[in-house]
Amino acid sequence: MTTFRFALVTVFFVFLLLIVGGMVNPTGSSLACPDWPLCYGHLMPSAEDITNPDMVDNVFFEHGHRTVATLVGLLTIILAILIHRDPRSKEQKDLRKLGYIAVFLVILQGVLGGVTVLLKLPMAVSSAHLALAMFFFCFTIYIAFRLWPGRIVEGNTRAFVAPRAWAMIAGLFVYSQIFLGALVRHTESGRACGQEIPFCGPDVWPSWGPAQLHMLHRYWGILAFTMVVVMAFRVAKVTQTYEKPFANKIVWLLPALGVVQVVLGFLTVTTSISVPIVTAHLAIGALMLGGCWAVYLGLGPQADRVRRA
């Protein structure tokens with residue numbers, strides 16, 4: 001139980017890191033610390049260390065992001081140690097591998113963050129940094145699920161093959177939408193259509209690159225939201241027949257989050273990328289991704305395997 005609770009704490013701080021990291025770009029703080037892994041040559045830079053006085057507030061966001069990332073790295077290492085020492089890892093040997101993979105992923109994420117700074121924000125690396133962050137968030141959710149004692153249930157797993165497929169498809173749509181959002185952010189296409197909604201001025205499909213990417217993000221968001229709603233109904237229909245309370249509780253939150261996400265998307269445009277709005281937009285997107293993944297896991301057959309072990 002201690003390992004499971006620590007895994008939940010790790011998931012929370014990974015989500016917090018996503019939020020803190022989401023504030024770096026819209027505040028213009030990505031290069032506030034010109035060096036890496038230190039910031040102006042110090043672990044904790046002071047106002048006197050910062051050569052550009054106009055960047056003092058920006059250093060707060062960038063260095064705060066690095067600080068939380070370091071904390072997440074330490075939590076991941078501790079979690080891997082706890083998993084290694086957990087008695088269940090002797091029966092489920094892949095648990096230890098999950099801990100080691102988590103450590104590898106968090107190190108890789110840190111290296112990508114450093115490369116992003118040292119190479120002055122290349123679009124491909126910056127987008128990969130966010131994509132890996134979302135993958136790592138889902139991976140820690142999976143670890144927490146594997147450690148959750150309450151997942152030992154009985155049931156007909158064949159009935160959940162189709163609903164699980166829908167959950168996976170909806171999750172992939174949400175993940176690709178988040179990646180498109182990263183491309184919009186790092187190519188500075190967020191203002192390509194001004195404050196015009198629902199289209200880019202009079203154009204349903206504009207004629208130039210940044211605006212096209214911006215509109216692709218909007219259209220794909222509608223498609224992703226539709227897939228989430230369809231998935232929710234398909235999953236709920238099955239969970240009413242077979243007892244899967246964990247998945248049933250989460251799945252009905254996803255369409256509501258989708259509505260909030262659409263509203264936040266419109267507000268992001270009409271407020272010219274307000275920092276609180278765009279940060280909330282990223283956070284809700286991460287929750288939707290994690291929710292789809294949790295539904296997929298909650299409908300899975302892993303519990304039966306644990307019972308036999």
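Only the coordinates and a few stated rules stand behind these numbers; no lab work does. From a predicted model like this one, the values you see are computed outputs, not experimental measurements. FYI the Cβ positions are ideal-geometry reconstructions off the backbone, even for glycines, and counts take in every protein chain you see.
Can you return the lysines within cross-link range of K249? Criterion is Cα-Cα under 17 Å, with same-chain partners fewer than 8 residues away left out.
Reachable lysines: K237.
So how do 245-258, 167-180 stack up, highest first, on mean other-Cβ count within 10 Å? Show your work: numbers first, answer last.
Numbers: 245-258: 18.2, 167-180: 21.5.
Peptide ranking by packing, descending: 167-180, 245-258.
As a check on your grasp of the helix formula, calculate [θ] at 222 nm for the chain: sum -39500 (n - 2.57) over DSSP H runs of n ≥ 4, divide by the residue count, round to the nearest 500.
Estimated from H runs of four or more residues: -24500 deg cm²/dmol.
Expressed as a rounded percentage, what relative contact order does the range 41-175 have, with Cα pairs under 8 Å and six or more residues apart? Provide the component values of the computation, followed by the final result.
On the way: 55 pairs, mean separation 21.8, N = 135.
RCO, the range 41-175: 16 percent.
Which shape class, rounded, prolate or oblate, goes with the chain when its Cα gyration tensor gives a ≥ b ≥ c as root eigenvalues, a/c under 1.5 marks rounded, and past that a/b bigger than b/c marks prolate?
Taking the square roots of the gyration eigenvalues as a ≥ b ≥ c, the chain is oblate.
Show me 289-300, 194-205, 13-24 ranked by packing, highest mean number of other Cβ atoms within 10 Å first.
Top of the packing list down: 289-300, 13-24, 194-205.
Sorted by mean Cβ packing within 10 Å, highest first, what order do the peptides 121-131, 139-149, 87-97 take? Before the final figure, lay out each step's value.
On the way: 121-131: 17.5, 139-149: 20.5, 87-97: 12.9.
Per-residue Cβ counts within 10 Å, averaged per peptide and sorted highest first, yield 139-149, 121-131, 87-97.
Compute the Cα gyration tensor for the range 1-147, then decide on rounded, prolate or oblate, letting a ≥ b ≥ c be the square roots of its eigenvalues: rounded whenever a/c is under 1.5, prolate when a/b is larger than b/c in the other cases, and oblate in all that remain.
Because a/c hits 1.5 or more and a/b exceeds b/c, the range 1-147 counts as prolate.
Normalised by the residues of the chain, what does the relative contact order come to in percent, with Cα pairs under 8 Å and at least six apart?
22 percent.
Is the range 92-176 best put as rounded, prolate or oblate by its Cα gyration tensor, with a ≥ b ≥ c the root eigenvalues, rounded for a/c under 1.5, and otherwise prolate when a/b is larger than b/c, oblate when not?
Because a/c hits 1.5 or more and a/b fails to exceed b/c, the range 92-176 counts as oblate.
Could you work out how far the C-alpha centroid of the range 249-279 sits from that of the range 65-143, in angstrom?
Value for the Cα centre distance between the two parts: 26 Å.
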